[in-house]
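First the structure, in the form of structure tokens, and then the observations on it.
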Amino acid sequence: MKNKLNDIGILGSGAWGTALACILNKKTNISLWAYEKEIVTQINKHKINKTYLPGIKIPSNVSATNNLEELKKCKFIFICVPSQFIKKIILEFKKFYKKEMILVICSKGIEKNSKNLVSEVIKKIIPKSQIAVLSGPSFAIEVAKKKPTAVTIASKNNKNAKELAKLVNSRTFRCYYTNDIIGVQLGGVIKNILAIASGIVESQKLGASARAALMTRGLAEMMKIGVAFGGKESTFYGLSGLGDLILTCNSKLSRNFVTGLLIGKGKKIREITKLKKTISEGVINSKTIFSLSKKKKIEMPVCESVYRILYKNVKIKETIEKILSRNIKKEN
């Protein structure tokens with residue numbers, strides 16, 4: 001008789017992957033895969049990830065590894081690597097995949113080359129895989145510190161959605177579920193672009209009213225493209241849409257908001273990348289969403305403005321003036 005899969009695996013030992021390892025303490029073994037060998041040593045020897053989540057004690061049931069094969073005993077695989085690296089990791093992990101596994105996407109982005117959602121990227125590599133998506137307004141450091149947080153699990157399989165919600169849910173990490181994996185993913189993508197816009201608005205000292213207007217009209221853009229690609233309008237009013245949008249557009253804990261602040265102060269993307277040692281998902285995805293919106297003939301003035309500022313060197317003041325001088329229209 002084959003051993004039944006019970007354990008939890010996490011692909012990616014950044015802040016989010018490590019935070020999940022800290023809160024998914026369900027009296028089962030958790031294997032945390034890390035690319036960097038020094039992080040494996042930090043976690044296994046000292047129970048801390050000082051590189052990405054300093055000051056947080058990691059539970060004793062969590063062990064780190066550089067070997068993907070060690071995750072083959074896991075039923076639940078939480079994917080927390082940046083979206084642009086997921087294809088490479090899943091191609092490597094495919095040889096250890098088992099049909100009983102449930103792959104939970106926790107990364108927010110669209111692959112820039114194929115312009116596919118992460119779920120589509122995985123399905124092309126492992127066609128029969130069971131896929132779910134975890135998203136919502138959640139900063140890794142707050143989750144790890146057990147600050148109250150609410151998220152959404154999306155899966156087309158209702159049984160899997162409920163099982164995952166039960167697994168993830170705790171007193172401080174409340175989990176809802178839905179079957180709209182497209183809407184939940186697109187909400188996570190668009191809010192990053194809008195957070196950059198919000199940071200730019202803040203840097204220009206345009207006021208709280210301007211930020212509120214930006215978020216509201218940004219939400220309308222999110223819904224338009226989300227519905228065009230098969231998402232449900234109601235999803236965008238929920239945690240993975242409006243909830244995540246409010247969080248990332250209003251806090252310096254958001255990398256995308258901070259990126260917008262720095263852009264607004266005259267910094268170039270290459271300077272920000274060097275400073276932060278990473279590139280924000282919103283920077284990468286603004287180009288992809290611009291392309292997809294043109295393909296679908298959808299007007300997205302806020303997201304398009306971010307793209308033009310980042311990639312076409314359009315001046316911020318000129319962009320703001322252009323948005324403010326748009327024709328009056330009925331609000332839908």
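The values are calculated or read from the model by the stated rules, or taken from the named source; none is laboratory data. Everything numeric in this text was worked out from a predicted model, so none of it was measured. Because the Cβ atoms are built from the backbone with ideal geometry, glycine has one as well, and the counts that use them run over all protein chains shown.
Structural remarks
- Some residue of the stretch 33-42 being β-branched (Val, Ile, Thr), in contact (Cβ under 8 Å) with a residue 60 or more places away in the chain and surrounded by 15 or more Cβ atoms within 10 Å (Cβ to Cβ): no
- Failed criterion for residue 228 (all others in (1) buried (at least 24 other Cβ atoms within 10 Å of the Cβ); (2) within 24 Å of residue 118 (Cβ to Cβ) hold): (1)
- Checked across the stretch 16-32, the condition of being in a helix (DSSP H, G or I) and over 21 Å from residue 169 (Cβ atoms) holds for no residue.
- Condition check for residue 144: in the same structural domain as residue 58 (by TED's automatic domain parsing), under 18 Å from residue 56 (Cβ atoms) and buried (at least 21 other Cβ atoms within 10 Å of the Cβ): yes
- Of all the listed residues (111, 70), the sole one being more than 28 Å from residue 256 (Cβ to Cβ) and of a type in the set (Asp, Glu) is 70.
- Here the stretch 268-319 is the region considered, the condition is being more than 24 Å from residue 85 (Cα to Cα) and among the hydrophobic types (A, V, I, L, M, F, W, C), and the residue that is surrounded by the fewest Cβ atoms within 10 Å (Cβ to Cβ) is 314.
- Checked against (1) under 12 Å from residue 197 (Cβ atoms); (2) without any contact (Cβ under 8 Å) to a residue 60 or more places away in the chain, residue 331 meets all criteria but (1).
This table checks each residue for (1) in contact with a strand residue (DSSP E or B) (Cβ under 9 Å, 6 or more places away or on another chain); (2) of a type outside the set (Asp, Glu).
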position	(1), (2)
233	no, no
249	no, yes
266	no, yes
278	no, yes
292	yes, yes
303	no, yes
316	no, yes
328	no, yes
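- Subset of the stretch 280-307 that is outside any helix (DSSP H, G or I) and of a type in the set (A, V, I, L, M) - its residue that is farthest from the chain's Cα centre (by Cα): 298
- Meets criteria (aliphatic (A, V, I, L, M) and either surrounded by fewer than 20 Cβ atoms within 10 Å (Cβ to Cβ) or without any contact (Cβ under 8 Å) to a residue 12 or more places away in the chain (or both)) for residue 206: yes
- Among the residues of the stretch 205-258, those that are part of a loop (DSSP other than H, G, I, E, B) and of a type in the set (Gly, Ala, Ser) comprise 207, 230, 231, 238, 251, 254.
- Pairs, first over 17 Å from residue 134 (Cα atoms) in the stretch 230-257, second among the charged types (D, E, K, R) and surrounded by fewer than 23 Cβ atoms within 10 Å (Cβ to Cβ), C-beta under 8 Å, six or more apart: 249/211; 250/211; 253/142; 255/276; 257/202
- When the stretch 58-104 is limited to residues that are basic (Lys, Arg) and farther than 30 Å from residue 283 by Cα, the one that is nearest to the chain's Cα centre (by Cα) turns out to be 75.
- Some residue of the stretch 53-63 being out of contact with any helix residue (DSSP H, G or I) (no Cβ under 7 Å at 6 or more places or on another chain) and part of a helix (DSSP H, G or I): no
- Lone qualifier among 211, 174 - being on the phi < 0 side of the Ramachandran plot, surrounded by fewer than 20 Cβ atoms within 10 Å (Cβ to Cβ) and in contact with a Pro (Cβ under 8 Å, 6 or more places away or on another chain): 174
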